[in-house]
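Novice: Dumping the structure here so I can ask a few things about it.
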Amino acid sequence: MMCVKKTFLKLIQPLVQYKATSFLGEKHIAETMERNLAKKLSKLKNCNIGKELGVASGTSIDDIPLTGYGFYHPFFVDPCEGDFMYPLNDYFKTMTSGTMSKPKTYLVPRKGLRKIIMSTGLSLIYISTFDGEKYGFNFGDTFYVNIPGGSFISNIASKELARGSSDLIHVVPENRDNMSFQEKVDYFVEHHHEIDIVQMNITTLLDDIKPRVRDKIQLKAFLTMDASAMQLKERVYETVGSYPKTPYGSTESIASTIPSIEHPGGFFFDWRTIYPEFIPEEYSVSTQVTRIDVPPEIVKLNEVELGERYQLVITPFHTDLTRNVTSDILECISFRDSQLKVETPIFSFYSRADKLISLHNFTRINEDEILCILEGSSVPFVDFTARRELDGSREYIRLYIEFNEDVDLSEVEESIHGSFMEFDKDYQDLTRMMEYSPLRITRLPEGSFRNYLSKKEGMSRIARIDMREDRLKLLLSEL
């Protein structure tokens, strides 16, 4: 029986590969998205979420308001039959880390998740192993996953992949939900010869795994969502023989993109599973909104411009979120991937629209949190600005602080770090799992912010998160 099964799988592998990759040759992407969008709106009009959004027969996507998490929150915390596109018993609860370690609850349909995994998910696996000439993935390859466990969508999706495609791909470690971060690292070190595809943080690879593996690591694909993938791509290539592939995903969009091969660090949207729209960066809106009935300028996928940055708005075809405003600013870096022979805009992640500092996609720190911590730590300060910086393979939050009295910098840094550890569980988990302190502080001379503002006439507010490079140089000119 096993012999028959292996023969059958060998026979169908070319067909599965064709199904997973043939969409790349699509010449009418906009039309395909419009058809898929019409199918979603047809389902949405019959449920309470759709009715609340005003969806009816003949409704255009442009007639629907933009939405934030606040719109869906009442449905997610007190769901009723008829609220959603699918029967209520098809939904499961998932969490996102949110901000200031305050998680948000989402409901996701299992049927929708399976459709996404068997389309975008399967395509992602094949395409991530493309070497410019052929796809490297074979049935039975081993996929190592080192991501947060529990009810996070990435963990649930990896389980669904393992369950729904067990004959196609072997997901390890099999007992990862009950393993610590270090145990997962140990597993990779011990079994790296058997592993073909990896999803993990770049820091884990370079700092925790590479020093412990004496022989060569050779992977078909290295998947990561690290914002530092572009800067560290050569080091990753030297370590595993493959450039990092960076699909964009989130609790809201799940798996909706395919990594670019020609442009490491870039990705494109899978028009079979999502309808993306874009708000030009200068018109970006707060993600704290419930709904926006009169939205700002909206740009469609075929209207984006090279080099421009946009706030992403998503309408996944297989979940209930519709015209959902995300926190992410993307930059269009190309209009094609010549290696994959696909003609569609290629994007890279640029920054958070809601002025958050994200460290290794693990913890998200905003201005209010930093202010609370500085006040709670009794730090005597005039003002501050904070930026994410990369040192080696590790990401840090750098605080530039002007103090209003003489302080011992090491004591202040220890106090602020301790407050982050107490106040922000995600910061605490990052520190303990990766065994480093992600905080750095630079002392600014007395009068730095006053002098800075005097040189920028009319500017009444300090950008406390991700100050522009030219303005930071102006602020630091006193050093």
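Please treat every number below as a calculation from the coordinates, not as lab data. Since the model is a prediction, treat every value here as computed from it, not as a measurement. Heads up, the Cβs are rebuilt from the backbone with ideal geometry, glycines too, and the neighbour counts pull from every protein chain shown.
Novice: Output wanted: per-residue J couplings in Hz (rounded whole) for the range 250-257, from phi through Karplus 6.51 cos²θ - 1.76 cosθ + 1.60, θ = phi - 60°, x for Gly and Pro.
Specialist: 7, 4, 6, 9, 6, 9, 10, 10
Novice: Tell me, THR251, THR273 in order of fewest to most beta-carbon neighbours within 10 Å?
Specialist: Ascending Cβ contact count within 10 Å gives the list THR251, THR273.
Novice: Here is a further query. In whole Hz, with x marking every Gly and Pro, tabulate ³J(HN,Hα) for the range 107-118 from phi via Karplus 6.51 cos²θ - 1.76 cosθ + 1.60, θ = phi - 60°.
Specialist: Couplings: 10, 10, x, 4, 4, x, 4, 4, 4, 5, 5, 7 Hz.
Novice: Still on this structure: Could you tell me the convex hull volume per residue, in Å³, taken over the Cα atoms of the chain?
Specialist: Taking only Cα atoms, the chain has a hull volume of 164 Å³ per residue.
Novice: What nm value, rounded to one decimal, do you get for the distance between TYR283 and GLN182 when each label is placed 7 Å out toward the C-beta?
Specialist: 5.3
Novice: What is the set of long-range amide H partners of PHE335 at a cut-off below 5 Å, with H atoms built 1.01 Å from backbone N?
Specialist: ILE346
Novice: If you don't mind, there's one more thing I want to ask. Tell me which lysines have Cα within less than 18 Å of LYS111's Cα, excluding those fewer than 8 residues away on the same chain?
Specialist: LYS39, LYS40, LYS43, LYS93, LYS159
Novice: For the charge dipole of the chain, defined by +1 on Lys and Arg C-beta atoms and -1 on Asp and Glu C-beta atoms about the Cα centroid, which residue among SER393, ILE261, LEU122 has the Cα displaced farthest towards the positive pole?
Specialist: The Cα lying farthest towards the positive end belongs to LEU122.
Novice: Something else about it: Report, in debye and to the nearest 20, how large the dipole of the range 357-476 comes out about its Cα centre when Lys and Arg carry +1 and Asp and Glu carry -1 on their Cβ.
Specialist: 640
Novice: Taking every DSSP beta bridge with both residues inside the chain, roughly what % is antiparallel (nearest 5)?
Specialist: 70
Novice: Positive end of the dipole of the chain, charges at C-beta (+1 Lys, Arg; -1 Asp, Glu), about the Cα centre: which of VAL379, PRO87, GLN428 has its Cα farthest in that direction?
Specialist: Toward the positive end, the furthest listed residue is PRO87.
Novice: Something else: Assigning unit charges at the beta carbon (Lys, Arg +1; Asp, Glu -1) and nothing else, what dipole magnitude in debye, to the nearest 20, does the range 31-103 show about its Cα centre?
Specialist: Taking the Cα centre of the range 31-103 as origin, the dipole is about 140 debye.
Novice: Place a +1 charge on the Cβ of each Lys and Arg in the chain and a -1 charge on the Cβ of each Asp and Glu, then give the dipole magnitude about the Cα centre in debye, rounded to the nearest 20.
Specialist: 1880
Novice: While we're looking at this one, here's another question. Let me have the 222 nm mean residue ellipticity of the chain computed from DSSP H runs of 4+ only, each contributing -39500 (n - 2.57), with the sum over all residues rounded to the nearest 500.
Specialist: -9000 deg cm²/dmol
Novice: For Cα pairs less than 8 Å apart in space and 6+ apart in sequence, what is the mean separation divided by the residue count of the chain, i.e. the relative contact order in percent?
Specialist: 13 percent.
Novice: In addition: Which of ASP354, ASP383 comes first, and how do the rest follow, when ranked by fewest Cβ neighbours within 10 Å?
Specialist: In order of increasing Cβ crowding within 10 Å: ASP383, ASP354.
Novice: Return the long-range amide H neighbours of ILE465 (sequence gap of 5 or more, or a different chain), with a cut-off of under 5 Å between placed amide H atoms.
Specialist: The answer is ALA386.
Novice: List every residue whose amide H lies under 5 Å from the amide H of LEU444, counting only residues 5 or more places away in sequence or on a different chain, with H placed 1.01 Å from N in the peptide plane.
Specialist: It is ILE401, GLU402, PHE403, by chain and number.
Novice: Okay, moving on. Of all DSSP beta bridges located in the range 357-476, what percent are antiparallel, nearest 5?
Specialist: 65
Novice: Another question, then. Kindly provide the pair-distance distribution of the range 31-110 built from C-alpha pairs, with 10 Å bins from 0 and whole-percent values in order of increasing distance.
Specialist: 16, 44, 32, 7, 0
Novice: For the range 267-312, build the charge dipole from Cβ charges (+1 Lys, Arg; -1 Asp, Glu) around the Cα centre, then report which of ILE292, ILE279, ASN302 sits farthest towards its positive end.
Specialist: ILE292
Novice: As a footprinting exposure proxy, order TYR144, TYR436 by other Cβ within 10 Å, with the fewest listed first.
Specialist: TYR436, TYR144
Novice: Give the separation of the Cα centroids, the range 166-185 to the range 357-373, in Å.
Specialist: Between the Cα centres of the range 166-185 and the range 357-373 lies a distance of 29 Å.
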